[in-house]
Amino acid sequence: MEFLKKKIREEGIVIGEDILKVDSILNHQMDIELFMKIGEAFYERFKNANINKILTIEASGIGIAAIAATYFKVPVVFAKKSQSRILNGTTYSSEVYSFTKQQSFHIHVSDRFLSQDDQVLIIDDFLANGQAALGLIELVKAAKGSCVGVGIVIEKGFQDGGKLLRDQGIRVESLAIVDRFTNGEIRFL
Ligand code: 5GP
């Protein structure tokens, strides 16, 4: 995924030891041409996995998942980070510890949008310690659906999430894996 690594090198800002800011292309402003290449890359990797739904988490996952869905031609469901009077009826919920916000929160999906018939691809922007992905997998399990894999745009290989998920037999496909940050420079695997 050279195009993605090049963009990340050009636009990425390293914050501290372990945070990458890519808000000019991914997390605030969205580079849709890049998103289309990302969506196509996920499609190439998961096109034979018979997925019928993409699940992501608000907010940054939504744009990526929506563009990817145009290749898979399946609906996207995003887990909400707060309950509201509109999200009524039965919901599946799980707890996620946020690496960037350093606090726990609950995520919710209505039981109308996840079921035992679902073969779900989970998509997210970053993989750090794997808590967001695990929380999303828990929602799929609660609905008795199957998680066929996890598609990640940027995995930070020096954090535990990738190992944690792969050790559980979960198929994780990351388009760019950061090995380390050295003096503000981004090194990929
Ligand atoms: P995890 O749950 O795997 O620990 O962290 C993944 C979630 O935290 C992602 O949904 C992403 O929004 C956020 N995140 C983790 N690390 C980074 C990072 O280095 N940069 C940004 N922008 N978000 C991150």
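The values are calculated or read from the model by the stated rules, or taken from the named source; none is laboratory data. These numbers come from a predicted model, not from an experiment. Glycine also receives a Cβ, built like all others from the backbone with ideal geometry; neighbour counts cover every protein chain displayed. We work out accessible area using only protein heavy atoms, side chains counted, and drop any ligands, DNA or RNA first. Shrake-Rupley method; radii C 1.70, N 1.55, O 1.52, S 1.80 Å.
Pull up the DSSP beta bridges for the chain and report the antiparallel fraction as a percent, rounded to 5.
Working: 16 of 37 bridges.
Roughly 45 percent of the beta bridges in the chain run antiparallel, per DSSP.
Cα centroid distance between region 97-117 and region 39-71, in Å?
Cα centroid to Cα centroid, the span is 17 Å.
Ordering Ile15, Ile186 by accessible area with a probe of 1.4 Å, largest first, what comes out?
Numbers: Ile15 80, Ile186 15 Å².
Largest accessible area first, the residues go Ile15, Ile186.
Return the calculated 222 nm mean residue ellipticity for the chain, to the nearest 500 deg cm²/dmol, obtained by summing -39500 (n - 2.57) across DSSP H runs with n ≥ 4 and dividing by the residue count. Display every interim value, and only then the final one.
Working: 5 runs with 57 residues, N = 189.
Mean residue ellipticity at 222 nm (helix-derived): -9000 deg cm²/dmol.
How large is ³J(HN,Hα), in whole Hz, for each residue of region 116-127 in order, when computed from phi with the Karplus curve 6.51 cos²θ - 1.76 cosθ + 1.60 and θ = phi - 60°, using x for Gly and Pro?
5, 7, 8, 10, 9, 9, 8, 10, 8, 6, 10, 10
Ignoring ligands, DNA and RNA, please state the percent of accessible area on the chain from carbon and sulfur, probe 1.4 Å.
Numbers: 4600 of 9720 Å².
The nonpolar share, carbon plus sulfur, comes to 47 percent.
What does the charge count around Asp160 come to, taking other residues whose C-beta lies under 12 Å from its C-beta (Lys +1, Arg +1, Asp -1, Glu -1)?
0
Per-residue accessible area for Glu58 at 1.4 Å probe radius, Å² rounded to 10?
Accessible area, nearest 10 Å²: 50 Å².
Which ³J(HN,Hα) values in Hz, rounded to whole numbers, follow from the phi angles of region 140-155 under the Karplus curve 6.51 cos²θ - 1.76 cosθ + 1.60, where θ = phi - 60° and Gly and Pro get x?
With coefficients 6.51, -1.76 and 1.60, one gets 5, 5, 4, 7, 6, x, 10, 9, 8, x, 10, x, 10, 6, 10, 9 Hz.
If you line up the long axis of helix 32-46 against the longest principal axis of the chain, both from Cα atoms, how many degrees apart are they, to the nearest 10?
The two axes meet at around 70 degrees.
In the structure displayed, which of Lys21/Lys156; Lys5/Lys37; Lys37/Lys163 lie more than 24 Å apart, Cα to Cα? Please report the intermediate quantities before stating the final value.
On the way: Lys21/Lys156 12 Å; Lys5/Lys37 12 Å; Lys37/Lys163 26 Å.
Flagged as over cut-off: Lys37/Lys163.
Calculate, for Gln119 and Thr90, the FRET efficiency according to 1/(1 + (r/R0)^6) with r their C-beta to C-beta distance and R0 30 Å; round to the nearest 0.05. Could the numbers behind the result be given before it?
Working: r = 21 Å, r/R0 = 0.71.
That pair, Gln119 with Thr90, gives E of 0.90.
Please calculate how many Å² of accessible area the chain carries per residue, with a 1.4 Å probe and no DNA, RNA or ligand atoms counted. Display every interim value, and only then the final one.
Working: 9720 Å² over 189 residues.
Dividing the accessible area of the chain by its residue count gives 51 Å².
Taking the chain as a Gaussian network, where each spring joins two C-alpha atoms under 10 Å apart, which residue of Ser110, Ser84, Ser93 fluctuates the most?
Ser84
Calculate the dipole size of region 120-189 relative to its Cα centre from +1 charges on Lys and Arg beta carbons and -1 charges on Asp and Glu beta carbons; express the result in debye to the nearest 20. Kindly include the intermediate steps, with their values, before the conclusion.
Working: 8 positive and 9 negative charges, 40 e Å.
Its charge dipole is roughly 200 debye.
Shape call for region 1-111 from the C-alpha gyration tensor, a ≥ b ≥ c root eigenvalues: rounded (a/c under 1.5), prolate (a/b greater than b/c) or oblate?
Values: a/c = 2.32, a/b = 1.21, b/c = 1.91.
Because a/c hits 1.5 or more and a/b fails to exceed b/c, region 1-111 counts as oblate.
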